[in-house]
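See structure below.
What follows is calculated from the coordinates using simple rules that are stated; it is not laboratory data. Every value quoted in this text rests on a predicted model; they were computed, and no experiment measured them. Because the Cβ atoms are built from the backbone with ideal geometry, glycine has one as well, and the counts that use them run over all protein chains shown.
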Protein chains: 2
Amino acid sequence: MKFKINRNQLIQGVQGVMKAISSRTTIPILTGVKMTVDSGGMTLTGSDSDISIERFIPAEENGEINLEVQTPGSIILQARYFSEIVKKLPDETVEIEVGERFETQMRSGASEFSLIGLDPEEYPRLPQVEEQNVFSIQGDLLKMMIRQTVFAVSTSETRPILTGVNWSLEDGQLTCVATDSHRLAQRTVKINSNATELSFRNVVIPGKSLNELSKIVEDSEELVQIVVTNNQILFKTKNTLFFSRLLDGNFPDTSKLLPGDSKTTLVLGTKELLQAIDRASLLAREGRNNVVKLVTLNENELEISSNSPEIGKVFEHVAITSMVGEELKISFNAKYMMEALKAMDCSEIKILFTGAMRPFLIEPQSGDSIKQLILPVRTY
Amino acid sequence: MKFKINRNQLIQGVQGVMKAISSRTTIPILTGVKMTVDSGGMTLTGSDSDISIERFIPAEENGEINLEVQTPGSIILQARYFSEIVKKLPDETVEIEVGERFETQMRSGASEFSLIGLDPEEYPRLPQVEEQNVFSIQGDLLKMMIRQTVFAVSTSETRPILTGVNWSLEDGQLTCVATDSHRLAQRTVKINSNATELSFRNVVIPGKSLNELSKIVEDSEELVQIVVTNNQILFKTKNTLFFSRLLDGNFPDTSKLLPGDSKTTLVLGTKELLQAIDRASLLAREGRNNVVKLVTLNENELEISSNSPEIGKVFEHVAITSMVGEELKISFNAKYMMEALKAMDCSEIKILFTGAMRPFLIEPQSGDSIKQLILPVRTY
């Protein structure tokens, strides 16, 4: 293998696949990045066996030559060293040549590296994904959906299935649900019409995979193609393939958890409530569970308060747009409430309470494409 | 005590003194920030007993009213909570009122905090500094001097005196020296003429104090007044006093360490050498001591190389402007060399070698206001 490549293109390519490479893997070859070049361009692969990322750098793009291939071939190089070296090379181009026993020469300006490579034949094969269940979502919407649900996954391995977000698709509507059993986040979106015949359920994507995917997908209207199989999900963007393993097991049926009725319904400003809880939580952190208290004072105003005997007390008044139903006193975890409010994509929200000890539901003031459910804390 | 203050002014003031406040202090009252207001303005104090910082917020400045004092007085509040609360308050002004048993009310917009305060009489007194030995340096020059020496202090407590930078003043020339016994950094500056009669030696300022000071001093031509006493040094800028304890003990006489002659003298570009060593050190980190090798190839070129058996080799060629004396092979710690080169404030440097096992000296190509001495590593 021998080729010359534009250094900036190589930096971007390597950084793209590095997100899948962990230095703490139990499979030594996965600390490497695999590179394959042929006349069409260069393919870079990184994997930690849960996530795999493949990036393609075309030999020519928009009239610019990215790489000149003299001899095609493949090599695996230690990802951590390779990525740092590439970033610091002095010249605009890098020449890479693989010699005997996978010894790899890299030349750039007056700098010459000789790296010990590994046999590319030993690299595990990427999952083979049959493209039967395919649909697509705009990149910006995909990122938003991830942001609005992934924070609610469980961080405990007690019930591994809860560390993922459950995706299901029915009648052209995609539903994403995450819960750690103290709170639940759900987002639904209509997907493009040519996939209305497609349906699946219990596709549970690890939260970690979605967080990494979110860093790769661009915040644009460009479509991301999504392929679902039994044990893998594949996200395709321009020049990048992102594979994630799916979690084994059955995600609990969460539809019954959402309350149907409400004893108290409040409509109020998202930002005003978020900021008041943020301040009140400053003193709540020391205590157990980071708890703040919400009390309706009258039809126009509620009070958020918290009390830490050693530090002090705080009282916040927040205006209410409308209140229907009974007066209310309720306590909840400030962190859960703030994360839920940050995921709400609207200036006004509706909160539906069914009693001080029952889960309460946060929705946009109009519509129900986002639902955030929080279990209160007993303090009265 | 009762007063109203501009929130942004309070944020800046609190952040200024927070740098001296440690949450890991053994003296509980020092986790607090002390505030004193009178008709002239507000004084904030923070201290970890090594460093003390006092900031003054004038009641009126450039025609703007910063605070309105109703009743003067003093209070101590938990610094960590107070600073976070102040940052998040909703309104442009904050009203602070101290009631019985030091209970402190803070009101801003619809937000009301009630914090448990401490008796200001219990706060330790700041060092009393007699203003006999006073001189001044421009803020930007002071920052530069700190940057060029403080990195070379020892991080080990084996010889505590080496964790500080030794300042001495003689004949109007200030000399700052730091050494960890593997390398040495020295910077000299002429100071303003009205202090030529002033002299001192063995004023050893803890490296940590200088790092904190550097964050506070502005990168401008404004003068910083410096007051030296037996066991304290005080830096005065507009509205801020920065006190640091001095280290006990005698700093070693380092003047004899600087070599007088040279067997090989190289002149070359600072940045070119730095970047070559930076790349070569990428592979050297794994090995012991982070060692790279320098070999003069001919009168116009030297080679920097490093070798890590498990990862690979690197060779870097660097052009030399001039070489006088013998050929040279020498090995040294790449981190020490890079830190020394980053401290050189010039595009070309002179390196004076007196043999492969003797310390070598780096100076600006012309002048000797900066001297960096590095002990080589035996590898041949």
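Working from Cα positions, state the angle (0 to 90°, nearest 10) between the long axis of helix B:139-149 and the longest principal axis of chain B.
50 degrees
Can you name the residue in chain B whose Cβ lies closest to the B-to-A rotation axis, and give that gap in whole Å?
B:Arg24, 15
From Cα pairs below 8 angstrom and at least 6 apart in sequence, can you work out the relative contact order of chain A, rounded to a whole percent?
Once normalised by length, the contact order is 13 percent.
Where does the charge balance sit around B:Asp48 when Lys and Arg score +1, Asp and Glu -1, over other residues with C-beta under 12 Å from its C-beta?
Numbers: positive: B:Lys19, B:Arg24, B:Lys208, B:Arg245; negative: B:Asp50, B:Glu212.
Net charge in that neighbourhood comes out at +2.
So, counting K/R as plus one and D/E as minus one, what does the shell of residues with Cβ under 14 Å around B:Thr179 add up to?
With Lys, Arg at +1 and Asp, Glu at -1, the neighbours total +2.
Quick check on segment A:65-156: take the gyration tensor over C-alpha atoms, sort the square-rooted eigenvalues as a ≥ b ≥ c, and tell me if it's rounded (a/c under 1.5), prolate or oblate.
prolate
Rounded to the nearest Å, what's the spacing between the alpha carbon centres of segment B:323-380 and segment A:244-298? Just the number, please.
After rounding, the separation between the Cα centres reads 61 Å.
When only DSSP loop residues count, what trypsin sites (Lys or Arg not before Pro) in segment B:65-122 have their Cβ near at most 13 other Cβ atoms within 10 Å?
Numbers: sites: B:Arg80, B:Lys87, B:Lys88, B:Arg101, B:Arg107; in loops: none.
Taking segment B:65-122 and a limit of 13 other Cβ atoms within 10 Å, no loop trypsin sites (Lys or Arg not before Pro) are found.
Report the local net charge at B:Ala59: Lys and Arg +1, Asp and Glu -1, summed over other residues whose C-beta lies under 13 Å from its C-beta.
Net of charged neighbours comes to -4.
Identify, among B:Gly367, B:Ser199, B:Pro28, the residue whose Cα sits farthest towards the positive end of the charge dipole of chain B, taking +1 on the Cβ of Lys and Arg and -1 on the Cβ of Asp and Glu, with the dipole about the Cα centre.
The residue sitting most towards the positive pole is B:Gly367.
In nm, one decimal, shortest first: how far is the label point of B:Ser23 (7 Å from Cα along Cα to beta carbon) from the matching points in the other copies?
Values, ascending and in nm: 2.7.
Can you give me the distance in nm between label points at B:Glu221 and A:Thr26, each placed 7 Å from the Cα along the Cα-to-Cβ direction?
Rounded to a tenth, the inter-label distance reads 6.6 nm.
Shortest first and in nm with one decimal, please list how far the A:Glu61 label point sits from its counterparts in the other copies (point 7 Å along Cα→Cβ).
Output for A:Glu61: 4.9 nm, nearest copy listed first.
Pairing the Cα long axis of helix B:270-284 with the longest principal axis of chain B, what angle in degrees results, from 0 to 90 and rounded to the nearest 10?
Helix B:270-284 and the main axis of chain B meet at about 90 degrees.
Work out how far the C-alpha atoms of the protein assembly as shown reach from end to end along every principal axis, then list the three figures in whole Å, largest first.
90, 82, 44 Å, listed from the longest principal axis down.
May I ask you to order B:219-229, B:319-329 by the average number of other C-beta atoms within 10 Å around their residues, highest value first?
B:219-229, B:319-329
Can you tell me the orientation of helix B:334-343 relative to chain B, as the angle in degrees between its alpha-carbon axis and the longest Cα principal axis, to the nearest 10?
On a 0 to 90 degree scale, this one is about 60.
For a quick protection proxy, order the peptides A:252-265, B:5-18, A:127-140, B:366-379 by their average other-Cβ count within 10 Å, most packed first.
Peptide ranking by packing, descending: B:5-18, B:366-379, A:127-140, A:252-265.
Given the rule -39500 (n - 2.57) for each run of at least 4 DSSP H residues, summed and divided by the residues of the protein assembly as shown, what is its mean residue ellipticity at 222 nm, to the nearest 500 deg cm²/dmol?
Helix-only estimate at 222 nm: -5500 deg cm²/dmol.
What average number of partner chain Cβ atoms lie no more than 10 Å from the Cβ of the residues making up B:102-114?
Whole-number average of other-chain Cβ neighbours for B:102-114 is 4.
Taking the label point as lying 7 angstrom from Cα along the Cα-to-Cβ axis, what are the distances from A:Arg201 to the corresponding position in the remaining copies, in ascending order and in nanometres?
Distances between equivalent label points, in nm: 8.7.
Say the cut-off is 22 Å between C-alpha atoms; which of A:Lys88/B:Lys313; A:Lys19/A:Lys371; B:Lys19/B:Lys335 go over it? Mind dumping the intermediate values first?
Numbers: A:Lys88/B:Lys313 15 Å; A:Lys19/A:Lys371 31 Å; B:Lys19/B:Lys335 28 Å.
Cα-Cα > 22 Å for A:Lys19/A:Lys371; B:Lys19/B:Lys335; rest within.
Return the FRET efficiency for the residue pair B:His182, B:Asp253: r is the Cβ-Cβ distance, R0 is 22 Å, and the value is rounded to the nearest 0.05.
So, using R0 = 22 Å, E works out to roughly 0.80.
Along the charge dipole of segment B:31-183, pointing to its positive end and built from +1/-1 on Cβ of Lys, Arg, Asp and Glu, which listed residue (B:Leu141, B:Phe151, B:Ile75) has its Cα farthest out?
Of the listed residues, the answer is B:Phe151.
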